[in-house]
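Just dropping this structure here.
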Amino acid sequence: MTAVLEPALRSPGREEDQDAALRRAAARVLLSNWTGAATVPSRTLYPHQWSWDSAFIAIGLARLAPRRAQRELETLLGAQWRDGRVPHIVFNPSVPLDAYFPSPDFWRSSGAGAASGAPADIETSGIVQPPVHALAAWQVHLADPAESRRRGFLRRMYPRLAAWHRYLAASRDLGGGGLAAVVHPWEPGLDNSPVWDAALARVEPAPPESFRRADLDHSSAADRPTDLDYGRYVRLAADYRDHGYDDARTPHAFALEDPCFNALFIASEHALAEIAAAAGADPAPHRRKAAEATAALVERLWDPAAGIFLARDLTTGEAVGGHSVAGLVPLIVPGLPETVARSLVATAQGERFGLGRVHLVPSYDLTSPEYDGNRYWRGPSWFNTAWLVHRGLRQHGADPAADALREQALDDARRTGFAEYVEPHSGQGRGIRRFSWTAALALDLLHRTPQGEPAR
Amino acid sequence: MFKTACQEQLLPGDSLQQKWEFAREAGYDAIELRGKGDFHFRDRLPELRRAQADGVVMPTVCVDMLHFFGAFDPDLRRDAVAQMKSQLSIIAELGGLGAQTPASYGMFSRRLPPFEPPRSEEEDREVLLKGLTELGEHARAEGVTLFLEPLNRYEDHMVNRLEQAAELIRTVGLDSVRIGIDSYHMNIEETDPAAAVLAVAPLIGHAQVSDSNRFQPGAGHLDWPAWLGALDAAGYDGYLAAECRLTGDPVDAVRSVPAFLHRAAG
């Protein structure tokens, strides 16, 4: 009976109506969170421009308003430092200082970062986030190549994106093995992942009276990082700042090679090769760098026994045992060895991540004692990592799993009103709602090629 | 998917039937009529009925006069209200949707000398609310809608932005009065045209399109995907009516609009 009923329940007309309604709702979020030159992740909790948020937002915005998607990335790259780094936050000068902590007067980029080439007239943070930008720029270009060419988008983006990648490849190869290191838990994007716990525990926390959190004004404390961890985040950032954000001079108390950060670097390096070719530059060095970094990623971070990529702590020289969604993201790397890719898909579908049986992809191992399904990056499922895993599954031919994940992401986005993240077992929305990248990535997943295929 | 319409004076052809043939071939779904004063529009009723019998789709009329319901002069105001009532009745008789009018056009600009209008803001508001109420009640009785069009600051001094039109319409409190938005005027007046559309979404009744330079859509620098994306997200499913000047070969220019709008709408 079920087989007979199912087609009626999922009639194409109804699905199309639902998709159209979701597309409109997602567009309303993105158009409402647009500030004139870029998009805020949220009108309440995140009132500035965030680096990897903007990249994901641009990917979705390209499906709605390609010129705005280009502007999104141009605005972010407009705050790039002369050393090539793309700061993780670009502050909006019209927002009060206490709207977000750490605020511009904590980072003091234009002063403390001057020797590293921080802009004199725009305040930013001094740390970075994963390099999704070249990948996003290429997607944005492909969404409307004529508009991109008319505006000289790639020609203007290419030197900036290339400088960003040079910074990561040179100044951030702290381990000397051909991978970029992160020097603060906020850099890999998965801010309070249990993967950072051991390395973070070695850091002396800044005294609680030396800072005031702004995130708890809008979010439940149970969902956010603890105060002690926040003190350590503050200490690491202050030490970096007090060394002029100079990677060579800073005695990094926290330095790890993260698989997600490096996988995104590689995927973006491939995109950079395409961008170089389109902009009249030589793509070969980017292809070479991508191949080298892929080899380094597999050699340094792949754990064949566990079937997952692990972060490497450069202070201890050891792999970090915890399994996070960051270890699955290398599925997006073009040219990843097939045995590795197959093993990653099996891990995603296994008991630690439960792909297809829980909502989206949990940010941390479901079977671990550190797992907490409500607390930010210690378990909840996020839409950006789901989008990346979806892309990886498609790339490696796991179409049924990719289709299911796509359906689930669209359903969860719709059901939760574009929540920031969801509890993996219940699927209940957590964090804030009307979150920009959730809406943006839903728009991208809704997009179908003229042949009716889902976007890749 | 949006429906597109083209104002009649832009279409080549000597009759509405000829214009319609061209419009259909170019991909338009309708013709927007223009309503001149002195009850000229009413006098066209036989012509309009014949066109309708021949299948011409004419859902809306846009006023084509030099005085409006917000005129300073009471006689002109009275005449404008009478003309608009007649146009609403005629478009209702044709089974159409409604008639579009600004508060005024070319009467006064606060940005041009002598800068201070002869009537106070309070008096302006009183005149507008009275006119909108009278026209709105007539439209309701006829089963059609009056579309109030905000114009840019150089063409009208009273209603320039969508939020101003929305405030008046909410005060009047009639479903038969809605905003008739125009992409060109919005481009001048709105900080973020897409956000402005969303902010008054349920009150938008009609949309006219021309580019940043008043030429046909595609000939200027408006961010059409953002504007059309916002209209779609607002749930608007009415017409996009081309009301513009033409640059380049006029026939080619008119022909280019539906395909351009559909592509920009994604």
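What FRET efficiency, computed as 1/(1 + (r/R0)^6) with R0 = 22 Å and r the Cβ-Cβ distance, is obtained for A:ASP403 and B:ASP237, rounded to the nearest 0.05?
On the way: r = 30 Å, r/R0 = 1.38.
Taking R0 as 22 Å, the efficiency between A:ASP403 and B:ASP237 is 0.15.
Next question. Once the Cα gyration tensor of the stretch A:117-176 is found, what semi-axes does its equivalent ellipsoid get, as square roots of 5 times the eigenvalues, in whole Å, sorted largest first?
Three semi-axes, in Å: 26, 15, 10.
Please report the net charge: other residues with Cβ closer than 12 Å to the Cβ of A:THR250, K and R +1, D and E -1.
With Lys, Arg at +1 and Asp, Glu at -1, the net is -1.
Which whole-Hz couplings ³J(HN,Hα) result when phi for each residue of the stretch B:161-175 is put into the Karplus expression 6.51 cos²θ - 1.76 cosθ + 1.60, θ = phi - 60°, listed in order with x for Gly and Pro?
These are the phi-based 3J(HN,Hα) values: 10, 4, 5, 5, 5, 4, 5, 4, 5, 5, 5, 5, x, 10, 5 Hz.
Shifting gears a bit: Expressed as a whole percent, how much of the Cα-Cα distance distribution for the protein assembly as shown exceeds 43 Å? Working shown, then result.
On the way: 91301 of 260281 pairs.
Looking at the protein assembly as shown, the distances longer than 43 Å represent 35 percent of pairs.
Given H placed 1.01 Å from N in the peptide plane, which residues other than close sequence neighbours of B:THR60 have an amide H under 5 Å from its amide H?
Those lying under 5 Å, H to H, from B:THR60 are B:LEU33, B:LEU97.
So if I take the centroid of the Cα atoms in the stretch A:89-138 and the same for the stretch A:258-326, what is the distance between those two points in Å?
25
Here's another thing I want to ask about it. Name the long-range amide H neighbours of B:ARG161: under 5 Å, sequence gap of 5 or more, or other chain; modelled H, no Pro or chain starts.
none
Next question. State the three equivalent ellipsoid semi-axes of the stretch A:340-392, derived from the C-alpha gyration tensor as the square roots of 5 times its eigenvalues, in descending order and whole Å.
18, 13, 8
Tell me what chain A gives for mean residue ellipticity at 222 nm when only DSSP H runs of n ≥ 4 count, each as -39,500 (n - 2.57), the sum divided by the residue total, rounded to 500 deg cm²/dmol.
Working: 17 runs with 208 residues, N = 456.
The helix-only estimate for chain A comes to -14000 deg cm²/dmol at 222 nm.
If the convex hull of the alpha-carbon atoms of the stretch A:179-309 is projected onto planes in all directions, what is the mean projected area in square nanometres?
11.0
Using a 10 Å cut-off around each Cβ of peptide A:56-65, what is the average number of partner chain Cβ atoms that fall inside?
Going residue by residue through A:56-65 and averaging, the value is 3.
Just rank B:PHE69, A:PHE91, B:PHE215, fewest to most, by other beta-carbon atoms within 10 angstrom.
On the way: B:PHE69 28, A:PHE91 23, B:PHE215 17.
If I rank by nearby Cβ atoms, fewest first, I get B:PHE215, A:PHE91, B:PHE69.
Fewest first, what order do A:ASP365, B:ASP252 take by the number of other Cβ atoms within 10 Å?
The order, fewest Cβ neighbours first, is B:ASP252, A:ASP365.
Turning to a different aspect of this structure: In 10 Å bins starting at 0, how do the alpha-carbon pair distances of the stretch B:3-265 split up by percent?
7, 32, 37, 21, 3, 0
I would also like to ask the following. Past the 21 angstrom mark, what percentage of all C-alpha to C-alpha distances in the stretch B:190-266 do you count? Intermediate results must be reported in sequence, preceding the final value.
Numbers: 695 of 2926 pairs.
Considering the stretch B:190-266, 24 percent of its Cα-Cα pairs are separated by more than 21 Å.
Here's something else I'd like to know. Determine which residues of the stretch B:131-155 fall in the zone a paramagnetic label at B:ASP175 would reach in this model, i.e. backbone nitrogen under 20 Å from the point 7 Å along Cα→Cβ.
B:132-148
Please list, by residue number, everything in the stretch B:21-51 whose backbone N is under 12 Å from a paramagnetic label point 7 Å out along Cα→Cβ of B:ASP73.
none
For a quick check: with amide H placed at 1.01 Å from N, whose amide H comes under 5 Å from A:ASP303's, ignoring anything fewer than 5 positions away on the same chain?
Answer set, sorted by chain and number: A:ILE308, A:PHE309, A:LEU310.
What does the structure give for B:222-233 when I average, per residue, the other chain Cβ atoms found within 10 Å of the residue Cβ?
6
Only bridges with both residues in the protein assembly as shown count here: give the DSSP antiparallel percent, nearest 5. Write out the running numbers ahead of the final one.
On the way: 20 of 51 bridges.
Taking every DSSP beta bridge with both residues in the protein assembly as shown, the antiparallel ones total about 40 percent.
What is the packing order of peptides B:197-208, A:268-279, A:384-395, taking the mean over residues of other C-beta atoms within 10 Å and listing the highest first?
The peptides rank, most packed first, as A:384-395, A:268-279, B:197-208.
In cubic angstrom, how much convex hull volume per residue do the alpha carbon atoms of the stretch B:1-93 span? Don't jump to the answer; show the numbers that get you there.
Values: hull volume 9.7 nm³, N = 93.
Spelled out: Cα convex hull of the stretch B:1-93, divided by residues, is 104 Å³.
If contacts are Cα pairs under 8 angstrom and at least 6 residues apart, what is the relative contact order of the stretch B:3-265 in percent?
Dividing the mean separation by the residue count of the stretch B:3-265 yields 17 percent.
Please work out the C-alpha center-to-center distance from the stretch A:360-378 to the stretch B:123-146 and express it in whole Å.
59
Another one. Among A:LEU366, A:LEU405, rank each residue by its count of other Cβ atoms within 10 Å, from fewest to most, as a rough exposure measure.
With the fewest neighbours first, A:LEU366, A:LEU405 line up as A:LEU366, A:LEU405.
Spelling out what I want: for every residue of the stretch A:238-248, take phi, set θ = phi - 60°, compute 6.51 cos²θ - 1.76 cosθ + 1.60 (Karplus), and round to whole Hz; glycine and proline get x.
Listing the rounded values in order: 5, 4, 4, 4, 5, 9, x, 6, 8, 5, 6 Hz.
How large is ³J(HN,Hα), in whole Hz, for each residue of the stretch A:146-160 in order, when computed from phi with the Karplus curve 6.51 cos²θ - 1.76 cosθ + 1.60 and θ = phi - 60°, using x for Gly and Pro?
Using θ = phi - 60°, the values come out as 5, 5, 4, 5, 4, 8, x, 4, 5, 4, 7, 6, 4, x, 6 Hz.
Taking beta carbons within 10 Å but only from partner chains, what does the mean come to for residues B:186-195?
Mean partner shielding for this stretch: 2.
Can you give the local net charge around A:THR39? Use residues other than it whose beta-carbon is closer than 10 angstrom to its beta-carbon, Lys and Arg +1, Asp and Glu -1. All intermediate terms of the calculation are to be shown ahead of the outcome.
Numbers: positive: A:ARG68, A:ARG71; negative: A:ASP53, A:GLU72.
It works out to a net charge of 0.
Any idea how far the Cα center of the stretch A:143-202 sits from the one of the stretch A:416-450, in Å?
Centre-to-centre (Cα) distance: 24 Å.
None of the figures in this text is laboratory data; all of them are computed from the coordinates on show. Quick caveat, the model's predicted, so the values are computed rather than measured. Cβ coordinates were reconstructed from backbone atoms using ideal geometry, including for glycine residues, and neighbour counts include every protein chain displayed.
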